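Take a look at the structure below.
The values are calculated or read from the model by the stated rules, or taken from the named source; none is laboratory data. The structure presented is a predicted model; accordingly, all values stated were derived computationally and were not measured. Note: ideal-geometry Cβ built from the backbone for every residue, glycine included; neighbour counts use all protein chains shown.
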Amino acid sequence: MSSVTSPLGTNSRPQFAAEGLGVPADPNRLLVISGVTGAGYKASVQIIGTSNQMGLSTFQSGYTNAFTVSGADGLGGDQIAANFFGGILQYANGSGGLALLGNSNFSTVPGVSILASQAIESATRAALWMNACGVSAGSAAAIGNANTLFAVANNATPKLSILGNGSVTFASIDGLTSGNLNSGTYTPTLFNVTNMAASTAFACQYLRVGNTVVVSGRVNVDPTAAAAATELGISLPIASNFGATTNCGGTANGDAVVSESASIEADAANDRAAMKWITTSLAAHDMFFCFSYTVI
């Protein structure tokens, strides 16, 4: 089962080998422990003198070592590499970074599977913790708010990114993109269309999901005459090319005026929302509204 041979030469055997079958001559192997070897097979454990310093093989014909520590390749060479069906783990000394590559030949087996567990669950510590940072003056530093912290790509095409400030951008999810899934505040421009002496806008909020935008907020209105048709135009937070009054809809109500409510519809001629009602008060008063519309 074992043999000790003379120092390595061109066709010499390993200096020490524990084997079940014959170990092929290889001048670079210093130690081989093998159950099955032969043409096209790799030893399960080998310490190699010139190329890789240590290797653990896959026991698969024609495949490279499953684990290798390499010290002879120089800058740009792999310092640590695990290789099976094309490679699993790679640390490139010259180019930097750690590459994790999974390659499965089975439809039910993932290329890479990461399992994290906690023996004692914690509300403040995740089972899987991923931390990314920059480097400043040789020390760890926070990544800039606008810089990419984490990314998922499809064949080098970014599909999802998390920036340094925690915001998320993505290519698309069932028709949604980072451009049409957002929210914010805005102060609308008001238009005193009919029976309106003055009006005042306040900060309003909006939420966009796909091509639908929901807006809510407050305006102060000062009608000219009571019991008269009144209209106030409200600009949109996200532009739309209205084609019909039904492209926008909502309601508004006064909090200090009895039985005063308004409908909100699309003003297709001016691409804005139109608040319409029969006013019951001549005094300036607030109206609170909510409407949604389609981005066209």
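For the residues Val209, Val213, the requirement of being assigned by TED's automatic domain parsing to the domain that holds Leu236, surrounded by 16 or more Cβ atoms within 10 Å (Cβ to Cβ), under 30 Å from Ala262 (Cβ atoms) and of a type in the set (Val, Ile, Thr) singles out Val213. For the stretch 194-207, which positions are part of a strand (DSSP E or B) and either more than 18 Å from His285 (Cβ to Cβ) or in contact with a helix residue (DSSP H, G or I) (Cβ under 6 Å, 6 or more places away or on another chain) (or both)? Gln205, Tyr206, Leu207 - these are the residues of the stretch 194-207 that are part of a strand (DSSP E or B) and either more than 18 Å from His285 (Cβ to Cβ) or in contact with a helix residue (DSSP H, G or I) (Cβ under 6 Å, 6 or more places away or on another chain) (or both).
Taken together, the residues in the stretch 239-250 that are out of contact with any Asp or Glu (no Cβ under 7 Å at 6 or more places or on another chain) and either surrounded by 15 or more Cβ atoms within 10 Å (Cβ to Cβ) or modelled with pLDDT under 95 (or both) amount to 2.
Looking only at the stretch 215-238, decide whether some residue is out of contact with any strand residue (DSSP E or B) (no Cβ under 7 Å at 6 or more places or on another chain) and over 15 Å from Thr194 (Cα atoms). Checked against the condition, which is being out of contact with any strand residue (DSSP E or B) (no Cβ under 7 Å at 6 or more places or on another chain) and over 15 Å from Thr194 (Cα atoms), the stretch 215-238 yields no hits at all. The set of residues in the stretch 208-230 that are farther than 18 Å from Tyr293 by Cα and either without any contact (Cβ under 8 Å) to a residue 24 or more places away in the chain or assigned to a strand (DSSP E or B) (or both) comprises Val219, Asn220, Val221, Asp222, Pro223, Ala229, Thr230.
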